[in-house]
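The values are calculated or read from the model by the stated rules, or taken from the named source; none is laboratory data. From a predicted model like this one, the values you see are computed outputs, not experimental measurements. Here the Cβ positions follow ideal geometry from the backbone for every residue, glycine too, while neighbour counts run over all protein chains shown.
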Amino acid sequence: MKKLKFIITTTAYQQIVKTLGSKNPEQGGILIGKDGIITDFVHDEFAETSSSTYSLNISYLNPIIKKFKEDNKELLGIIHSHPYGCRKLSRQDQEYFAGVLNKAKDVDYLFTPIVFSAKQEEFHIFPYVFYKDGKIEEEVELEIVPNNYDEFINKDEKTKKTEKPDPNVVQERKQLLVAIHQNIRANSSAENERLLISRLVIIALLFWNIIVFMLGLSAIVLTTIYFIITKNLITF
C-alpha cells in the first residue's frame, strides 16, 4: 500500500491555524478537497464539545459537503484539537471515525489530524490516516502547497524521462566544454609562468637583502675595530 501524504493548500492550513490553533481544545471541523489534496477547511462552529470530546454537527456540515460536491470536491478528513500533550487518537476518536467510515461505502480512509492549540502551548499539527479496517497510519508527512498547486504537483514525469536532448545542443555543449578546458589550460600555463617569475624576483630580493645586511654588519664590525685600535694607540 502506497504511503499517503497529508497535502494541504496554504489557505486551508492558515484557516486551521486561525481557528483551531487559537481556541481551547476539542474544537474541530472537516477537510475538503480533491485528488487527495486538501483545499478547504470548514470549522464546525456548532459542534458538540466538552473538555475531552468532540462530535461533528452533522446537520450543519452535511449541506456544506453537498455544496462542495458541486465543485467536484469531497470530504477527505476530520480534524480536531486535543489538550496539549495528548497527540494520539483516543479510543473515542477511533470509534467515532470507524462509525463514519462504516456509513460511507466508497470511502476507505480519512485524514484525522490532531492539533495542539497555541491557546495552551505552541501550535502543532499531527497528521494521521484512519482506515476502514481500523488501521492507523502515523508519522504521515505534512506538505503545504500553494493554492494553485496544479502547477507544482503531478507533473508529467514520463515526458521528462522520454524526452531526448537535441543533438545540436549536445554538440554545442561539448564544444563549450572543450573551449573551457582549453582556456583553463592556457590560463594555467600563463599563471605558472607568472608564479615562476614572482618566485625568482622574491629570491633575488632575498639575496639582495642578505648582501645588504652583511655589508652593514661588516661596516659595524670594522668601525668597532677601528675605534678599539685607535683607543689603544692613544693610551699607549
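Tabulated data
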| read-out | value |
| --- | --- |
| Count of residues meeting criterion [assigned to a helix (DSSP H, G or I) and more than 34 Å from the chain's Cα centre (by Cα)] in the range 49-90 | 9 |
| Failed criterion for Phe46 (all others in (1) part of a loop (DSSP other than H, G, I, E, B); (2) touching a Leu at 6+ places or on another chain (Cβ under 7 Å) hold) | (2) |
| Pair list, Cβ under 8 Å, 6 or more apart: the range 74-93 residue at negative phi, other residue among the charged types (D, E, K, R) and part of a helix (DSSP H, G or I) | His80/Asp93 |
| Some residue of the range 83-95 being more than 23 Å from Gly36 (Cβ to Cβ), modelled with pLDDT of 90 or more and acidic (Asp, Glu) | yes |
| Restricting the range 2-45 to residues that are free of Cβ contacts under 8 Å to residues at least 24 places away in the same chain and under 18 Å from Phe97 (Cβ atoms), the residue that is surrounded by the fewest Cβ atoms within 10 Å (Cβ to Cβ) | Val42 |
| Residue within the range 21-32 that is in a helix (DSSP H, G or I), touching a strand residue (DSSP E or B) at 6+ places or on another chain (Cβ under 8 Å) and closer than 19 Å to Phe123 by Cβ present | yes |
